[in-house]
Amino acid sequence: MTQTSKTDEELVGEILAGSDDCFRVLVVRYQSRVVNYLHRMLRDLDEAHELAQEVFLRVYRALDRFDSRYRFSTWLFRVAQNAAIDQIRKRRLAMVSMHRPETGDSEGGEWEFASEDPDPYRQVRNVERGAALTRAIESLRAEYKELIELRHFAELSYEEIAELKGMPLGTVKNKLFRGRQMLKAKLEDFLTD
């Protein structure tokens, strides 16, 4: 049996027995999902990548405290969720002036930024779509918003979400269905134009 075909829990057992290479398999298995989840929470891809590294480091250091009665993925995303909440609490808005400083030999004024994107219309349209979807998700009640993000951005299974949130599986499925219906209604005008 190869390392990649082993379950998360089997890999954790081997790591705890001294096979550190198995942790790399877990990182590869979950890295993009953790980054996507953190990106949705932090709304900053670079920050999400940095925090994902920290999350995996925290998980590695605390692996001996993992309770094997639960799924590894549930525990991993709980650590990621807590790290994102901590990061949001620490975050300070950085204010950057859009005006160039005046110097003795040149005039002030606004900075000019050249676009490297080949198709401005397509870029604007994609931004509009993304913004509409983000606004629609943000406008959902917290219970629906979080479940949508866990399912579609963190790519957790229904069972993993139920375990993470401490909800019955049927409740998770029902709330996700309702949340999707609300999103569809909110985006109906945008999608038909």
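The values are calculated or read from the model by the stated rules, or taken from the named source; none is laboratory data. Computed from a predicted structure; not experimentally measured. Note that we place each Cβ from the backbone using ideal geometry, even for glycine, and neighbour counts take in every protein chain shown.
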Report summary line: For the stretch 3-14 the number of residues that are under 13 Å from Phe72 (Cα atoms) and either assigned to a helix (DSSP H, G or I) or under 20 Å from the mean Cα position of the chain (by Cα) (or both) is 6
Query raised in the report: Filter the stretch 150-171 for residues that are within 17 Å of Leu42 (Cβ to Cβ) and buried (at least 18 other Cβ atoms within 10 Å of the Cβ); which is farthest from the chain's Cα centre (by Cα)?
Result: Leu150
**Report entry** Filtered residues of the stretch 130-144 (kept if buried (at least 18 other Cβ atoms within 10 Å of the Cβ) and of a type outside the set (Val, Ile, Thr))
**Finding:** Ala136, Leu140, Tyr144
Report task. Given the conditions (1) surrounded by 18 or more Cβ atoms within 10 Å (Cβ to Cβ); (2) within 25 Å of Leu147 (Cβ to Cβ); (3) not charged (D, E, K, R), report the number of the one that Asn82 does not fulfil. Result -> (1)
Report summary line: A careful count of residues in the stretch 29-38 that are surrounded by fewer than 15 Cβ atoms within 10 Å (Cβ to Cβ) and in contact (Cβ under 8 Å) with a residue 24 or more places away in the chain gives 0
Query raised in the report: If you take the residues in the stretch 44-90 that are assigned to a helix (DSSP H, G or I) and acidic (Asp, Glu), which one is modelled with the lowest pLDDT?
Result: Asp86
Query raised in the report: Going through the stretch 51-65 one residue at a time, which ones are over 15 Å from the mean Cα position of the chain (by Cα) and surrounded by fewer than 19 Cβ atoms within 10 Å (Cβ to Cβ)?
Result: Leu57, Arg58, Tyr60, Arg61, Ala62, Leu63, Asp64, Arg65
Query - Candidate set: the stretch 102-161, residues that are basic (Lys, Arg) and touching a Phe, Trp or Tyr at 6+ places or on another chain (Cβ under 8 Å); chosen: the one modelled with the highest pLDDT - result: Arg151
Report summary line: Counting only helices (runs of 4 or more DSSP H) wholly inside the stretch 136-193, the ones holding at least 3 residues that are within 21 Å of Leu76 (Cα to Cα) and of a type in the set (Asp, Glu) are 142-152, 158-165
